[in-house]
1. Select from segment 29-45 the residues that are in contact with a Ser or Thr (Cβ under 9 Å, 6 or more places away or on another chain) and farther than 15 Å from Cys56 by Cα and write down the one among them that is most open to solvent (accessible area, probe 1.4 Å).
2. Please go through segment 1-39 and give me each residue that is at pLDDT 95 or above and among the basic types (Lys, Arg), ordered by number.
3. Any idea which of (1) aliphatic (A, V, I, L, M); (2) assigned to a loop (DSSP other than H, G, I, E, B); (3) surrounded by fewer than 15 Cβ atoms within 10 Å (Cβ to Cβ) is the one Leu55 doesn't satisfy?
4. Can you tell me which residues in segment 1-17 are open to solvent by less than 60 Å² (accessible area, probe 1.4 Å) and without any contact (Cβ under 8 Å) to a residue 12 or more places away in the chain?
5. Quickly run through segment 58-69 and pick out the residues that are aliphatic (A, V, I, L, M), in contact (Cβ under 8 Å) with a residue 24 or more places away in the chain and not in a loop (DSSP other than H, G, I, E, B).
Amino acid sequence: MATIEIKPGFGKRLKKLRLEKGVTQEILAQEIHVTRQTISGWERGRSEPDLSTLLCLARYFNVTIDELL
């Protein structure tokens, strides 16, 4: 299985996209079926999403995975 390298700054990019779309962590979490704490962890750089979740995020924000990473 291929691995995805999530580059430094992923959390900042995710937060920027979320704020540009005008949604809270809670709303984003509900949309992609994770917890608000999970979104917070990603934005703070404490954890990273898996590939299937990255695909959900890319679809939700209408960006490529490369743009997220």
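The values are calculated or read from the model by the stated rules, or taken from the named source; none is laboratory data. What you see is a predicted model; the values in this text were computed from it and never measured. Cβ coordinates were reconstructed from backbone atoms using ideal geometry, including for glycine residues, and neighbour counts include every protein chain displayed. Calculation scope for accessible area: heavy atoms of the full protein, side chains included, ligands and nucleic acids excluded. Shrake-Rupley method; radii C 1.70, N 1.55, O 1.52, S 1.80 Å.
1. Looking at the filtered set, the residue picked out is Arg36.
2. Matches in segment 1-39: Lys12, Arg13, Lys15, Lys16, Arg18, Lys21, Arg36.
3. Condition not satisfied by Leu55: (2).
4. Result: Gly9, single match.
5. Ile65, Leu68, listed by residue number.
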